[in-house]
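Here's the structure we're looking at; comments come further down.
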Amino acid sequence: MAMKLHEYQAKQVFADAGVPTPSSQLASDVDGVLTAAEEIGYPVAVKAQVQVGGRGKAGGIELVENDEEAREAAESIIGMDLKGYHVGQVLVEEAVDFTDELYVGITMDRGEGKPVAMVSTKGGVNIEEVAEEDPDAIAREHIDPAFGMHPFQARKAVYDAGVDKSVANDVASVLTTLYDLWESRDGSDAEINPLMVTADDEVIAADAVMNIDEDALFRQPELAEMEEEAASGGDELEQKADEYGFDYVRLEGNVGIIGNGAGLVMTTLDLVDYYGGEPANFLDVGGGAKAARIANALDMVFSDDNVDSVVFNIFGGITRGDEVAKGINEALEQFDEIPKPVVVRLAGTNWEEGMEILNEDLVTVEQTLEDAVERTVAYAEEVNE
Amino acid sequence: MSVLVDDDTRVVVQGITGGEGKFHAEQMMEYGTNVVAGAVPGKGGQEAAGVPVYDTVHEAVEEENADTSVIFVPPAFAGDAIFEALDSDLDLAVAITEGIPTQDMAKVNKRLSETDTRLVGPNCPGLITPGEAKLGILPGNIFSEGKVGLVSRSGTLTYQVVDNLTNRGIGQTTAIGIGGDPIIGTDFVDALELFENDDETEAIVMCGEIGGEDEEEAAAFIDEHVDTPVAGFIAGRTAPPGKRMGHAGAIVSGSGTGTAESKINALNDAGVPVGDTPEEVADHIEEFIA
């Protein structure tokens, strides 16, 4: 999974590596915005610092000319809910007068198993849309990870994209820096969109995306520290899941789902849908979960108000049925009345031992995955009758 | 017959002195796997799980004629462990480790194109030829000997589908968990080719999931090159775009690639029926081998 840096963090990383960026300051209240704007000089952009795309369209970016406009923008953006994320901070940034908007990016092409550098003259818009509607507008250059990006590859991508000769060398240089950062910082994506071209033929990074491979954070201590800041925001339950160390995704429905292993949990979600229910979440307890972890999982799903019933589906390989049963008992025995019906299906390693331990007064037991899901969906429907 | 692993396979376990490595080395041996050595830097001369430990994989190959490695090395060192395996003239390396940095795997991927050693994984449960041997962490007792080859990106989903088969008396030639990471060694196409060329495999189950385009590539390969009947399953039909479903590789991108729908359509177009439930997959297989 990727850890997403905020724009201001990514810009700092890029600027430290020598990529030209506009002058900017971070602010978290109206006074801070006004002070920053004063120092930078109008016009400035006020930009919400949340890690979602399409901030501009959602009202999270405003271009302002004076104190009055800056105050208005600050009041509307700071504290707003932007696509489910609370905006706590804004970046106040020098507005750049541009003649052109380019796109440069590095990502991992999983199909090829190789990094790929991308350049396009169609920057400033959603690049995924460009990729879909006009794929030839993006020049791509695959990179051998053993050698890194050769200078000629950066030049080739820039020429292939049709970037104007007057800035080609500078764009190639930014692309080279971007690849070096992507490689040395364990990036999953590094992107500048738009890379603005000014009337004086200078290039400047008006936005910055840097996503880091979470599996590599152990060797990126400086970025791991940034994660602390970057993690703020997001759904409350998803944050709780983070603390527990669960793979968790909150969804719209009312059938709670707990299981082990990504593929099997996804399958359980699909079966809930197949039997006419709506999944409330994806929750993977992972391999080898002990009783306490199982109890935490149940606690998580119970604390989602949308959930009306819960299916617990464990197929043990390294996870043991007896530990699962202990955890379920622990979680449920603390209630005088079970808040939401729980259906349990245990299979695989030590499932018989698990069934002996499991307090069947507290749960409904089913033998197969299909039956367990069908029963849970029926319970959820009963609640809503 | 079977593919990749049988009771002649001679296994070296990298990371055998760690908790997981030792436990699963013993489990593999209990199942009948011929574990001949361990390899752990600095632990040469010791013994673990009843077999000699060497400092390097090279020594394990020289001294014990190991031809296959199973890797239980922590993620920070696993990329290096795979490179060592690929440098040791083995037939097969199986990487169980979850959470290897993607850039390490990109470098491994490059090396794979220059060597004859096959890699399965990483982030996978391993593989098993029922009644003969297993490499990895799969629970042996749910598998049974038979004629169905199985390849899957997910561990526990493999167990679920195998359970559906075994409960009907349908056994397996070999089951291969290829792993849920974005960059893996053996992919669907490789596994399908192995099963197609195996005389005993009469039907194939392929369990895919959202993310990437491996299933679409597999469908194209089946259309051209596979005569053995294949039944499919795709997990993640209800996954919303942009949300990663556990596996690093299981994500539908914002632009709509990697969806279950695209994979199911591709498989159907190649003549592969895709079950709505694991039971339905077993139904299809039962028809194929009846």
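When the Gaussian network model of chain B links Cα atoms closer than 10 Å, the mean-square fluctuations of B:Ala175, B:Ala37, B:Ala266 top out at B:Ala266.
Over chain A, DSSP H runs of length four or greater, each weighted -39,500 (n - 2.57), average out per residue to a 222 nm ellipticity of -12000 deg cm²/dmol. In deg cm²/dmol and to the nearest 500, what is the mean residue ellipticity at 222 nm of chain B if only DSSP H runs of at least 4 residues count, each as -39500 (n - 2.57), divided by the residue total? After summing the helix terms and dividing by residue count, I get -10500 deg cm²/dmol. Put a plus charge on the Cβ of each Lys and Arg, a minus charge on the Cβ of each Asp and Glu, and nothing anywhere else: the dipole of the protein assembly as shown about its Cα centre is then about 880 debye.
Taking 25 Å as the limit for the C-alpha separation, the pairs A:Lys290/A:Lys340; A:Lys114/B:Lys243; A:Lys114/B:Lys263; B:Lys110/B:Lys263; A:Lys290/B:Lys22; A:Lys57/A:Lys165 exceed it in the case of B:Lys110/B:Lys263; A:Lys57/A:Lys165. Taking the DSSP bridge list for the protein assembly as shown and keeping only pairs wholly inside it, about 55 percent are antiparallel.
By counting other Cβ atoms within 10 Å of each Cβ, how are B:Ile289, B:Ile96 ranked from fewest to most?
Ordered by Cβ neighbours within 10 Å, fewest first: B:Ile289, B:Ile96.
Go through A:Val377, A:Leu82, B:Ala78 and say which Cα lies farthest out towards the positive end of the charge dipole of the protein assembly as shown; charges sit on Cβ, +1 for Lys and Arg, -1 for Asp and Glu. Of the options given, the answer is B:Ala78. Remark: A:Trp182, A:Trp351 ranked as A:Trp351, A:Trp182, counting other beta-carbon atoms within 10 Å and listing the fewest first. The residue list A:Ser166, A:Val342, A:Ala154 was ranked by how far each Cα lies along the charge dipole of chain A toward its positive end, using unit charges on Cβ atoms, and A:Ala154 comes out on top.
Rounded to the nearest 20 debye, what is the charge dipole size of chain A about its Cα centre when +1 sits on each Lys and Arg Cβ and -1 on each Asp and Glu Cβ? Spell out each step's value before the answer.
Details: 25 positive and 82 negative charges, 232 e Å.
The calculated dipole for chain A is roughly 1120 debye.
Not counting the cut sites, what is the longest span of chain A without trypsin sites (Lys or Arg not before Pro) that DSSP labels loop and that have at most 15 other Cβ atoms within 10 Å? For trypsin sites (Lys or Arg not before Pro) (loop position, at most 15 other Cβ atoms within 10 Å), the longest site-free span of chain A is A:84-289. Taking Cα centre as origin and charging only the Cβ of basic (Lys, Arg, +1) and acidic (Asp, Glu, -1) residues, the dipole magnitude of segment A:238-297 rounds to 300 debye.
Using 1/(1 + (r/R0)^6) with R0 = 22 angstrom and r between the beta carbons of B:Glu145 and A:Met355, what's the FRET efficiency to the nearest 0.05?
0.20
Among A:Met226, A:Met210, A:Met355, the ranking by other beta carbons within 10 Å of each residue's beta carbon, starting with the fewest, stands as A:Met355, A:Met226, A:Met210. Distance from the alpha carbon centroid of segment B:1-71 to that of segment A:159-233 works out to 43 angstrom.
Which of B:Thr257, B:Thr173, B:Thr158 ends up with the largest GNM mean-square fluctuation for chain B, with Cα atoms connected below 10 Å? The residue with the greatest mean-square fluctuation here is B:Thr257. Compute a Gaussian network model of chain A, connecting alpha carbons closer than 10 Å, and tell me which residue from A:Thr35, A:Thr198, A:Thr267 fluctuates the most. Result for chain A, Cα springs under 10 Å: A:Thr267 fluctuates most. Each DSSP beta bridge with both residues in segment B:110-265 is either parallel or antiparallel, and the antiparallel ones are about 30%. For segment B:109-210, the set of GluC sites (Glu not before Pro) satisfying both a DSSP loop assignment and a count of at most 13 other C-beta atoms within 10 Å is given as B:Glu114.
Using alpha carbon centroids, what distance separates segment A:63-82 and segment B:205-250, in Å? Each part's Cα centre sits 46 Å from the other's.
Among beta bridges identified by DSSP and lying wholly in chain A, the antiparallel ones come to about 75 percent. The alpha-carbon of A:Lys11 sits under 17 angstrom from the alpha-carbons of these lysines, leaving out residues fewer than 8 places away in its chain: A:Lys47.
Spatial offset of segment A:120-156 relative to segment B:155-178 amounts to 42 Å, using the alpha carbon center of each.
Taken residue by residue and averaged, Cβ atoms of other chains lying within 10 Å of the Cβ of B:147-156 number 4.
None of the figures in this text is laboratory data; all of them are computed from the coordinates on show. Just so it is clear, the structure is predicted and the values come from calculations on it, not from any experiment. Here the Cβ is made from the backbone with ideal geometry for all residues, glycine too, and neighbour counts use every protein chain on show.
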